[in-house]
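The values are calculated or read from the model by the stated rules, or taken from the named source; none is laboratory data. Here the structure is a predicted model, which means the values were calculated and not measured. For neighbour counting, all protein chains shown are included, and Cβ atoms are generated from backbone atoms with ideal geometry for every residue, glycine included.
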């Protein structure tokens, strides 16, 4: 049986990289592969996992490195030595992972794309170069896509490892723009595999927990439960959702936010709290109540899953200014909810042409956006649209689409040694 090792900074929680990792694991396991996990933070089965704390991008030593190299053009000698020291340590840990679990192929999840942990990227690159192990590098976002990485004192390392150019590496990206940029920036051929969802297995229509969540949050039967199913970070443009709610002619102007602030501090959360107060919109944060999706089988101490939040909702808002693809969009389609979406670039190029029926706006919401939403909520229109959206999702963004493309990539390697 082929053994696959997933490597990342974090495989835990509900961030987009972790969610897509779980989906790839489900598809691989149903095709007879065994999956193992290496990261700095893990929610994965202990018997198939290896924890390396310094692989986590929020480890104090990694945070110190990042503070010293981004926004600057020259780095101190001690930082160079620190990067090399941690990279060597992580590389030894990778060798231990490789030998302990008899790994045949590795799948780095974004660890060779975005330079949040430079020593880890170097360690993986050197490990691949020294072993020649088959590698499918799954890239979610690159350094050139984020402003915070544009000015840096580690361009040598970024060119070396984010991503690397090695004969045993196959590159996978999640959207057309990233595909073009990877070819243009680095001359690397690549395969597009979009974010996906398990549309072949629809959710249960009855969910008592969803009703329980509505009641706990104070929603009556006729109240509109408007859900923002994202982390609280600036690029999610949550202000637009607040504006949408403020413009709606409803008695209780409330917006439910399913995730916590995440990895970019709490300044933005304070900003949107103040903004909502000015517009007389109540924000309800439920990130401390909501755990991962049930389909992933992850143990959680949270009372509710994200499934419950979606099924409790009447409307989903997705006003992001930028997304690598759009996990929450597909989730809303899966749970058959009407979606209000900003036409961010990847949506325009890779999702909109598929024909989804959603309420779209261009950078800002207006009373016309609200009118379109109210018309959309009329029962006949709503039912036909969400059913149509589900079938489109099934056609273009299903596990079966992932399965076809991923298995083809795996078979493209000339298997050696244990395979």
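Descriptive notes on the structure:
- Hey, residue 57 in a loop (DSSP other than H, G, I, E, B) and either modelled with pLDDT under 95 or over 22 Å from residue 296 (Cα atoms) (or both) or not: yes
- Selection status of residue 387, assigned to a helix (DSSP H, G or I), under 17 Å from residue 172 (Cα atoms) and modelled with pLDDT of 95 or more: no
- Of all residues making up the stretch 321-358, the number that are modelled with pLDDT of 95 or more and under 14 Å from residue 227 (Cβ atoms): 12
- Taken over the stretch 1-28, the criterion of being farther than 23 Å from residue 194 by Cα and in a strand (DSSP E or B) is satisfied by 3 alone.
- Some residue of the stretch 376-384 being free of Cβ contacts under 8 Å to residues at least 40 places away in the same chain, in the same structural domain as residue 319 (by TED's automatic domain parsing), touching a helix residue (DSSP H, G or I) at 6+ places or on another chain (Cβ under 9 Å) and within 23 Å of residue 310 (Cα to Cα): yes
- Selection of the stretch 34-45 for residues being surrounded by fewer than 18 Cβ atoms within 10 Å (Cβ to Cβ) and part of a loop (DSSP other than H, G, I, E, B) yields only 45.
- Search result, residues across the stretch 334-348 that are more than 18 Å from residue 395 (Cβ to Cβ) and touching a residue at least 40 places away in the same chain (Cβ under 8 Å): 337, 338, 340, 342, 345, 346
- Options 96, 92: the member that is free of Cβ contacts under 8 Å to residues at least 40 places away in the same chain, surrounded by fewer than 22 Cβ atoms within 10 Å (Cβ to Cβ), farther than 10 Å from residue 161 by Cα and assigned by TED's automatic domain parsing to the domain that holds residue 28: 92
- Listed by position, the strands (runs of 3 or more DSSP E) contained in the stretch 182-299 that have at least 2 residues being more than 30 Å from residue 350 (Cα to Cα) and either in contact with a helix residue (DSSP H, G or I) (Cβ under 8 Å, 6 or more places away or on another chain) or touching a residue at least 40 places away in the same chain (Cβ under 8 Å) (or both) are 282-285.
- Selection status of residue 31, assigned to a loop (DSSP other than H, G, I, E, B), closer than 28 Å to residue 326 by Cα, out of contact with any helix residue (DSSP H, G or I) (no Cβ under 6 Å at 6 or more places or on another chain) and modelled with pLDDT of 95 or more: yes
- Flag if residue 373 is modelled with pLDDT of 95 or more, more than 17 Å from residue 236 (Cβ to Cβ) and touching a strand residue (DSSP E or B) at 6+ places or on another chain (Cβ under 8 Å): yes
- Among the residues making up the stretch 111-132, those that are assigned to a helix (DSSP H, G or I) and out of contact with any strand residue (DSSP E or B) (no Cβ under 7 Å at 6 or more places or on another chain) are 118, 119, 120, 121, 122, 123, 125, 126, 127, 129, 130, 131.
- The set of residues in the stretch 5-16 that are surrounded by fewer than 22 Cβ atoms within 10 Å (Cβ to Cβ) and in contact (Cβ under 8 Å) with a residue 60 or more places away in the chain comprises 13, 15, 16.
- From the options 371, 381, 388, residue that is more than 30 Å from residue 33 (Cβ to Cβ) and exposed (fewer than 13 other Cβ atoms within 10 Å of the Cβ): 371
- Filter pass, residue 166 being surrounded by fewer than 21 Cβ atoms within 10 Å (Cβ to Cβ), in contact (Cβ under 8 Å) with a residue 12 or more places away in the chain, part of a loop (DSSP other than H, G, I, E, B) and not assigned by TED's automatic domain parsing to the domain that holds residue 307: yes
- Test: residue 63 is in contact (Cβ under 8 Å) with a residue 24 or more places away in the chain, under 24 Å from the mean Cα position of the chain (by Cα) and not in a strand (DSSP E or B): no
- Considering the stretch 66-78, the residues that are in contact (Cβ under 8 Å) with a residue 60 or more places away in the chain and assigned to a helix (DSSP H, G or I) include one that is surrounded by the fewest Cβ atoms within 10 Å (Cβ to Cβ), namely 68.
- Candidate set from the stretch 391-413 (those that are closer than 13 Å to residue 334 by Cβ and out of contact with any helix residue (DSSP H, G or I) (no Cβ under 9 Å at 6 or more places or on another chain)); member that is surrounded by the most Cβ atoms within 10 Å (Cβ to Cβ): 398
- Residues (part of a loop (DSSP other than H, G, I, E, B), within 19 Å of residue 101 (Cα to Cα) and in contact (Cβ under 8 Å) with a residue 40 or more places away in the chain) located in the stretch 133-155: 134
- Options 57, 101: the member that is touching a residue at least 40 places away in the same chain (Cβ under 8 Å), in the same structural domain as residue 118 (by TED's automatic domain parsing), surrounded by 13 or more Cβ atoms within 10 Å (Cβ to Cβ) and touching a strand residue (DSSP E or B) at 6+ places or on another chain (Cβ under 6 Å): 101
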